[in-house]
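This is the structure I want to talk about, given as structure tokens.
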Amino acid sequence: MQIVSATLHRVQLPLVHAFQTSSHRKNHLEHLIVELTDASGAVGWGEIASPSDPYYCPDTAGTSWIIAQQNLLPALLGKEFETPADVNATWAKVRGHQFAKAGVDMAAWTLHSTLTDQPLTQLLGGTRSEVIAGVSLGIEPTLDDLVTQVGRHVDNGYPRVKLKIMPGWDVEAVRVVRAEFGDLDLHVDANGAYTESDDHLTALRGLDPYGLTMIEQPFAPNNWLASRRLAGELDTPICLDESVEDLDDLATMIDLKAGSILNIKVSRMGGLTPALVAHEVAQQYEVPVWCGGMHEFGIGRAANVAISSLTGFSLPSDVSSWDKYYARDIVLDGVMADRGRVRVPTTPGVGFTVDTDFLAENTVESLTLTA
Ligand code: OSB
Ligand code: MG
């Protein structure tokens, strides 16, 4: 591929149902869409799914914009690349900014897929034709609202439900959902909201009897030691999300036994290229993985489905139907789960047609760089 131009589109879409985690509440999302154009005229699309505020991770849509504009895209223009891994190599010296890297990396992969006429799943080494989807449910105003939400998604056939928790919304929420939905595959995600204070530890221990598939990210991202202590004490497996931004973090997780399940989030790890290596390492150490989401629009969601088609993704991924989040997606006929199963696209490129009109209508700012 020879990249002759790169465009960043800052796109806003309203959420159909407000989403609250331990750190923030969202009614709309703003992601950056990356469009890379090859000398042949072929286009690659990627999505930078950074949150608007630095509560999940340090990256935001604003910081990602600056890094993509100043440090990532200029290095690609006018150059010839054999593979997406070669594109990745251009930012070897850029520390952090995983979300910005991920969006550009994804655009390189979808461009490579189009140019070589091979589906993304095949290029990545995926073996499944469909993947199992789970849903991630936010903190609701009341427990009744939570039960209603769980019920809706269970009725839709999702085989796994993850509940966001925070201090004060944890054991009771899990108790109520367990009582209502029996042996549903249930897990919780704290987004790092707990410390080792007595009351927080009491709550985390209080979750142990409920047969959860995992407790995701109980402590702050760098609090490896607290995670190791809890993992050593509870029967419920600990899964890490925010803690693992790169392969060194994954090595730390495995060596310290700070977690026994890995959430591979393409955005958080800096793209499909490092996510593939993380998947390989996890397989080598027999660490089960699944693909987490960032409420991606259709382009990022397609990448999540493609990587979830690899064999090591043995647990349900956060790849629920686009209409759980948005009234309309930026791709046509985007990712849809049918009884909790999502078909893996076999069309080269994103695997879905980008709705460029709708994209333009919802773009609040754009920038094109040329060779
Ligand atoms: O921790 O997985 C998370 C959304 C925003 C920030 C962090 C997280 C999430 C999700 C969304 O859980 C999962 C999805 O995209 O369906
Ligand atoms: Mg998480």
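The values are calculated or read from the model by the stated rules, or taken from the named source; none is laboratory data. In this text, all values refer to a predicted model and were calculated from it rather than measured experimentally. Quick reminder, even Gly has a Cβ in these numbers, built from the backbone with ideal geometry, and neighbours come from all protein chains shown. With ligands, DNA and RNA removed, areas are computed over all heavy atoms of the protein, side chains included. Shrake-Rupley method; radii C 1.70, N 1.55, O 1.52, S 1.80 Å.
For region 271-311, take every pair of Cα atoms, bin their distances at 10 Å starting from 0, and report each bin as a whole percent.
Reading the bins upward from 0: 27, 56, 16, 1.
Skipping prolines and chain starts, which residues have an amide H placed within reach, meaning under 5 Å, of the one on Glu216, given they are 5 or more residues away or on another chain?
Val188, Asp189, Ala190, Cys239
In whole Hz and in residue order, list the ³J(HN,Hα) couplings for region 71-78 that follow from phi through the Karplus curve 6.51 cos²θ - 1.76 cosθ + 1.60, θ = phi - 60°; x for Gly and Pro.
Listing the rounded values in order: 10, 9, 5, x, 5, 9, 5, x Hz.
Using only the Cα atoms of the chain, each taken as one equal point scatterer with no solvent, compute I(q) by the Debye sum, divide by I(0), and report log10 of the ratio at q = 0.07, 0.15 Å⁻¹.
Rounded to two decimals, the profile gives -0.28, -1.33.
For region 1-88, which chymotrypsin sites (Phe, Trp or Tyr not before Pro) are in a loop by DSSP, counting at most 15 other Cβ atoms within 10 Å?
Here the chymotrypsin sites (Phe, Trp or Tyr not before Pro) that fit, given the DSSP loop and packing criteria, are Tyr55.
Of all accessible surface on region 123-343 at a 1.4 Å probe, what whole percent is carbon and sulfur?
48
Tell me, what is the FRET efficiency for Lys93 and Thr346 to the nearest 0.05, using R0 = 41 angstrom and their Cβ-Cβ distance as r? It would help to have the intermediate numbers written out before the result.
Details: r = 37 Å, r/R0 = 0.89.
The computed FRET efficiency comes out at 0.65.
Roll a 1.4 Å probe over the protein chains and send me the accessible area per residue for the chain in Å².
Heavy-atom accessible area per residue stands at 39 Å².
If one computes P(r) from the Cα atoms of region 107-229, what percent of pairs lie at distances over 24 Å?
Percent of Cα pairs beyond 24 Å in region 107-229: 43.
Quick one: 3J(HN,Hα) in Hz for region 316-327, Karplus 6.51/-1.76/1.60 with θ = phi - 60°, rounded, Gly and Pro as x.
x, 9, 7, 10, 6, 4, 4, 6, 5, 10, 10, 6
Something else: Return the sequence-ordered ³J(HN,Hα) values of region 186-201 in whole Hz as given by the Karplus equation 6.51 cos²θ - 1.76 cosθ + 1.60 applied to θ = phi - 60°, using x for Gly and Pro.
The phi angles translate into 10, 9, 10, 10, 9, 6, x, 7, 9, 10, 8, 5, 4, 5, 5, 5 Hz.
Starting from the Cα of Thr127, move 7 Å in the Cα-to-Cβ direction to define the label point; list residues of region 276-312 whose amide nitrogen is under 11 Å from there.
Answer for this model: 310-312.
Expressed in nm to one decimal, what extension gain is obtained for the pair Val16 and Ser52 from 0.36 nm per residue of sequence separation less their Cα-Cα distance?
Gain on extension, Val16 to Ser52, equals 11.2 nm.
Another question, then. Distance between the C-alpha centers of region 73-145 and region 263-297? Whole Å please.
10
Taking amide hydrogens as modeled 1.01 Å from N in the peptide plane, which residues meet the under 5 Å criterion relative to Val287, leaving out close sequence neighbours?
Long-range HN contacts for Val287: none found.
Now for a different question. If you take the Cα atoms of region 123-343, find Rg, then find the Kirkwood Rh from the mean of 1/r over all pairs, what is Rg/Rh?
Ratio value, two decimals: 0.95.
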